Amino acid sequence: MGEGSAVQGKASGSTISTDAKKLSVDAQPLSAEELRRMDAYWRACNYCCVGMLYLQANPLLREPLKAEHIKNRLLGHWGSDPGQTFTWVHLNRLIKKYDLDLIYLSGPGHGAPATLSNSYLEGVYSEIYPDKSQDAAGMQKFFKQFSFPGGIGSHCTPETPGSIHEGGELGYSLSHGFGAAFDNPDLIVAVVVGDGESETGPLATSWHSNKFLNPVRDGAVLPILHLNGYKIANPTILARIPPEELEMLFRGLGYTPYVVEGDDPAVMHQKMASVMEHCVLEIRAIQAGAREAARANPSTIPARPSWPMIILRTPKGWTCPKELDGHKLEGSWRAHQIPITDPVTNPAHLKLVEQWMRSYRPEELFDEAGRLIPELKAMAPTGTSRISGNPHANGGLLRKPLDMPDFREYAVKVERPGQIEVSSTATLAVMLRDVMRRNITSFRVFGPDETASNKLDAIYQASPKTWMEERKPEDDDGGFLSATGRVMEMLSEHTLEGWLEGYVLTGRHGFFSSYEAFVHIIDSMFNQHAKWLEKSKLELTWREPISSLNLLITSLVWRQDHNGFTHQDPGFLDVVTNKSPEITRIYLPPDANCLLSVADHCLRSTEYVNVIVADKTAHLQYLTMEQAIDHCTKGIGIWDFASNDDGAEPDVVMACAGDIPTSESLAAVAILRERCPKLKIRFVNVVDLFRLMPENEHPHGMSDKEFDALFTVDKPVIFNFHAYAFLIHKLTYRRRNHENIHVRGYKEKGNINTPLELAILNQTDRFNLALDVIDRVPKLRETAAHTREWLKDQIVESVNYAHENGIDRPEITGWKWPL
Ligand SMILES: Cc1ncc(C[n+]2csc(CCOP(=O)(O)OP(=O)(O)O)c2C)c(N)n1
Ligand SMILES: [Mg+2]
């Protein structure tokens, strides 16, 4: 690995005491004038937030507030906003002072008004959406469209400039942030983490991302825990545990926490300015120290620094009315959404909203035309230094296509179909190794402790696994751990998926592999990313295309016979087919050459989620590389070597999708062709699952003519499918021959079985498939009675053999395509 033993000491770079309270109370970094302006800018942000929540007219309160100025339906969230705007204003100061390259992720993305108001005030919003101009008319539109039919959503949706994190589904902010920071050495990613969000599983585990961030080659993440005390209707755990425990928690997680606590804006600005500046300087010192040491001695192993983080303890809904009808409002969960819900019907409450908005003194903040006054405008950074205009948050602007090797060079030599067994994923691994070598700073591979198990370990030849923690001597014996490694492995599918999304959203490329059963853990993250992609791709021309999210699903259900029932779940494909056809792709390559062709296509593509299903164990190989390319280009096709319908109409169509189902279907065909030689069989293999859909419902869909030509209009189709059978019905229900399509798939039958026994339990095995054909082809019903009996005997004998010997019969395990 070329790393020496020199270990750099814990980098700190801190010249100020790490006693957070002392730090924040004593230091007064802002002059009176700076403080005044920062507070004014913050008031402008907060004013815009409240305006977005309430107003459809009279945006600058140039006339007394009336009911008709208020939106008829009040939707959105206030509670999170003021703490987030406060954070942003302070980040702006440091971006300007230190020329930082910085993006901002809003964990509680329901606090979008904070992000939107800042984007509007720094001018980016109007540049992208010119009708939301920086004047009274534009402000009125900007306010009205928020969380309004025909307008924008109430979270940090793709429409939000500067956002790569929607934050609607809580839990992924920190992993997205770290993903953005990897291989971006000059970037600082400020991540506001909700204290409620912190209670989610994904967020809780993502704090460990710091163990994978190398200060020499990666950027920095500055987590800001937004301890506003409440969620929707409850206090948060972290706000109520003793402060010492809170501090110890974060120290235990490897951070240096700094507390900024209070509610008096004047005091809080000084505290935040002081703490945040200290954090930024500490980040820079850590980086400078680590980078200098690496330059002086490239074999230095950088120690994991104790990165700074901020605990921002402020009242939820800070600066809104203290009480409403005798109930505490500011500093309580009641401030979470719309603090005052009935100003249209309750004049006293209307007055209260007006007083609240006027408390920000808009007349001091905006000029006659409704523009932010120049002295405040000058507070924001300019150009691409503006957080909402930072190109990292529109990653397609920075994306460069991968430098790809020729995938044909990794081909398995196939002389005759179905004679040799090879692991498809191990074949792919060699290609991925070379993709990584050619793109070492812009391509990462992610896997939850399974890269080797999934037979992708050849990748370690290009780069070992990132590991910033202690290494023991035995780790160097096949452990492939290194602080300079770029293969990402942590046993958290959530964190990995978050990293990958963050990495890809900021313009880079990645590849995720997972055991099939456990990819369900990220169902919801897939859903959210798919929604993000759909909006970005179809509606937002200003968002440049980012690389596709590539998911390899392996360790498949049909080879989880040894792990048992819990490891058998091919249902992720069902989840994927719920999402937009414009951005979803599912591939089931039947052999290694097809997998290479599919993977090459996926790695080059943009704006999709590509799901590839391929088993890791050795399987028969069928197609030469040229045939594989042809087959994968078509996505579905007749395999002539297995068919004997000779261009005529077949008696039955044997269809299949998935590597293992393909083998069983072929074995069934071999049995039938030997025992029922007059039977005309057509063999159809599906690689690209969405080819089955109608052409008007999916861009890859087939026309009815094509479908009928392949599947006939009235002959039985015995479809052996990798996953749950119903999915094939869902995709084909409108086809003319649908009533004759009989699908076999996983039926939740499994335990510790042999592979054949598992297939038998689910009737996806060769014998049951052949039985299906006999039962459904009219002319076989009478003539194939002996074969029928033989098949049934085979099933009984196979199961008995498995139960006696613990393995399948040699004629099954050693089966080859015989014709
Ligand atoms: C995973 C998930 N579960 C539940 C919700 C519903 N929800 C929206 S906001 C919220 C409370 C969030 O509290 P916190 O993170 O503290 O944010 P803030 O106080 O800044 O509003 C909840 C539970 C969600 N958005 N995501
Ligand atoms: Mg909260």
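Between rounded, prolate and oblate, where does the stretch 749-810 land on the alpha carbon gyration tensor, with a ≥ b ≥ c its root eigenvalues, rounded for a/c under 1.5, else prolate if a/b exceeds b/c? Kindly include the intermediate steps, with their values, before the conclusion.
Working: a/c = 3.76, a/b = 2.03, b/c = 1.85.
Verdict is prolate for the stretch 749-810.
Per residue, what accessible area does the stretch 666-813 have, given a 1.4 Å probe and all protein chains present, in Å²?
44
Need one number: % antiparallel among DSSP beta bridges in the chain, to the nearest 5.
Beta bridges within the chain, antiparallel portion: roughly 15 percent.
Counting only the heavy atoms of the protein chains, how much of T314 is accessible to a 1.4 Å probe, in Å² to the nearest 10?
About 10 Å², rounded to the nearest 10.
Based on the Kirkwood radius over alpha-carbon pairs, what is the Stokes-Einstein translational diffusion coefficient of the stretch 45-185 at 37 °C with 0.692 mPa s viscosity, in µm²/s?
It comes out at roughly 210 µm²/s.
Ignoring ligands, DNA and RNA, how do E811, E159 rank by accessible area with a 1.4 Å probe, largest first? List each step's numbers first, then the result.
Working: E811 100, E159 25 Å².
Correct descending sequence by accessible area is E811, E159.
First measure r as the distance between the Cβ atoms of F726 and R604, then evaluate 1/(1 + (r/R0)^6) with R0 = 41 Å and state the FRET efficiency to the nearest 0.05. Could the numbers behind the result be given before it?
Details: r = 32 Å, r/R0 = 0.79.
With a Förster radius of 41 Å, E is 0.80.
Would you mind giving the three semi-axes, in whole Å and largest first, of the ellipsoid equivalent to the chain according to its Cα gyration tensor?
56, 31, 22
Report the extension gain between K413 and I752 in nm, rounded to one decimal, defined as 0.36 nm multiplied by the number of residues separating them, less their alpha carbon distance.
Result for the pair: 118.6 nm of gain on full extension.
FRET efficiency for K705 and N805, Cβ-Cβ distance as r, R0 = 41 Å, nearest 0.05?
Details: r = 50 Å, r/R0 = 1.22.
Result of the calculation: an efficiency of 0.25.
The stretch 31-107: which trypsin sites (Lys or Arg not before Pro) are DSSP loop and have at most 14 other beta-carbon atoms within 10 angstrom?
R62, K66, R73
Give the Debye-formula value of log10 I(q)/I(0) at each listed q (0.15, 0.16 Å⁻¹), with one equal scatterer per alpha carbon of the stretch 458-562, two decimals each.
-0.78, -0.86
Leaving out ligands, DNA and RNA, what percent of the accessible area of the chain is carbon and sulfur, probe 1.4 Å?
52
Which of the lysines could a cross-linker bridge to K779, judged by Cα under 16 Å and excluding same-chain residues fewer than eight apart?
K779 reaches K678, K680, K715.
Could you state the angle between the C-alpha long axis of helix 136-145 and the longest principal axis of the C-alpha atoms of the chain, as a value from 0 to 90 degrees rounded to the nearest 10?
40
Protein chains only, probe 1.4 Å: how do R444, R416, R788, R543 rank by accessible area, largest first?
R416, R788, R543, R444
Mind checking which of V796, T384, P223 is farthest towards the positive end of the chain's charge dipole, using Cβ charges of +1 (Lys, Arg) and -1 (Asp, Glu) about the Cα centre?
Sorting the options by dipole projection puts first T384.
Given a 1.4 Å probe, how much area per residue of the stretch 353-440 is accessible, in Å²?
Values: 4030 Å² over 88 residues.
So the stretch 353-440 comes to 46 Å² accessible per residue, rounded to a whole number.
For the chain, what does -39500 (n - 2.57) per DSSP helix run (n ≥ 4), summed and divided by total residues, give at 222 nm, in deg cm²/dmol to the nearest 500?
Using -39500 (n - 2.57) per qualifying helix, the result is -11500 deg cm²/dmol.
Put +1 on the Cβ of each Lys and Arg and -1 on the Cβ of each Asp and Glu in the chain; which of G637, S154, S514 then has its Cα farthest toward the positive end of the dipole?
Ranked along the dipole, the leading option is S154.
Given charges of +1 on the Cβ of Lys and Arg and -1 on the Cβ of Asp and Glu, with all other atoms neutral, how large is the dipole of the stretch 300-418 about its Cα centre, in debye to the nearest 20?
In debye, rounded to 20, the stretch 300-418 gives about 500.
F641 accessible area, nearest 10 Å², 1.4 Å probe?
Counting only protein heavy atoms, F641 exposes about 60 Å² to solvent.
Per Stokes-Einstein, at 20 °C and 1.002 mPa s, what whole-number D in µm² s⁻¹ belongs to the stretch 122-217, with the Kirkwood radius over Cα pairs as the hydrodynamic radius?
D, rounded to a whole number, is 138 µm²/s.
Please arrange T787, T606 by accessible surface area, largest first, computed with a 1.4 Å probe and ligands excluded.
T606, T787
Using DSSP to define loop residues, name the GluC sites (Glu not before Pro) in the stretch 335-413 whose beta-carbon has at most 13 other beta-carbon atoms within 10 Å.
Values: sites: E354, E363, E364, E368, E375, E409; in loops: E368.
Answer in residue order: E368.
Give me the percent of DSSP beta bridges within the stretch 51-194 that run antiparallel, rounded to the nearest 5.
In the stretch 51-194, DSSP labels about 10 percent of beta bridges as antiparallel.
The stretch 768-811 to the stretch 68-111: how many Å between their Cα centroids?
First find each Cα centre; the distance between them is then 66 Å.
Please list, in order along the stretch 634-648, the HN-Hα scalar couplings obtained from phi with the Karplus expression 6.51 cos²θ - 1.76 cosθ + 1.60 (θ = phi - 60°), rounded to whole Hz, x for Gly and Pro.
Calculated HN-Hα couplings, in order: 6, x, 7, x, 7, 9, 4, 4, 9, 9, 9, 7, 6, x, 8 Hz.
So, with +1 on the Cβ of K and R and -1 on the Cβ of D and E, and no other charges, what is the size of the charge dipole of the stretch 456-566 about its Cα centre, to the nearest 20 debye?
It works out to roughly 500 debye.
Please compute the length gained on full extension between V796 and Q355, using 0.36 nm multiplied by the number of residues separating them and subtracting their Cα-Cα distance.
So the chain would gain 150.6 nm between V796 and Q355.
Using the crude model of +1 on Lys and Arg Cβ and -1 on Asp and Glu Cβ, and no other charge, please compute the dipole size for the stretch 724-809 relative to its Cα centre, in debye to 20.
Rounded to the nearest 20 debye, it is 680 debye.
Can you list the residues of the stretch 433-459 with backbone N under 17 Å from a point 7 Å past the Cα of D403, pointing along Cα to Cβ?
433-444
Using only alpha carbon positions, build the gyration tensor of the stretch 538-679, then give the equivalent ellipsoid semi-axes as the square roots of 5 times its eigenvalues, largest first, whole angstrom.
Working through the eigenvalues yields semi-axes of 31, 20, 14 Å.
Sequence gap at least 6, Cα distance under 8 Å: using those rules, report the relative contact order of the chain to the nearest whole percent.
12
If I take R0 = 51 Å and measure r between the Cβ atoms of T345 and A204 in this structure, what FRET efficiency does the formula 1/(1 + (r/R0)^6) give, to the nearest 0.05?
Efficiency for this residue pair is about 0.75.
Under a Cβ-Cβ cut-off of 13 Å, what is the net charge of the residues other than L397 that fall near it, where Lys and Arg count +1 and Asp and Glu count -1?
Surrounding charge for L397 is +3.
For a quick check of understanding: with a 1.4 angstrom probe and all protein chains in place, what accessible area in square angstrom does S154 have, to the nearest ten?
Approximately 20 Å² of S154 is accessible to the 1.4 Å probe.
Where the Cα atoms of the stretch 384-512 are projected onto their three principal axes, how long is each span, largest first, in whole Å?
60, 39, 24
Using the Cα centre of the stretch 507-625 as origin and beta-carbon charges of +1 (Lys, Arg) and -1 (Asp, Glu), tell me which of P590, N550, T577 is placed farthest towards the positive end of the dipole.
Working it through, the farthest residue towards the positive pole turns out to be N550.
The values are calculated or read from the model by the stated rules, or taken from the named source; none is laboratory data. It should be emphasised that the depicted structure is a prediction, and the values quoted were computed from it without experimental measurement. Glycine also receives a Cβ, built like all others from the backbone with ideal geometry; neighbour counts cover every protein chain displayed. The area values use the complete protein model at the heavy-atom level, side chains included, leaving out ligands, DNA and RNA. Shrake-Rupley method; radii C 1.70, N 1.55, O 1.52, S 1.80 Å.
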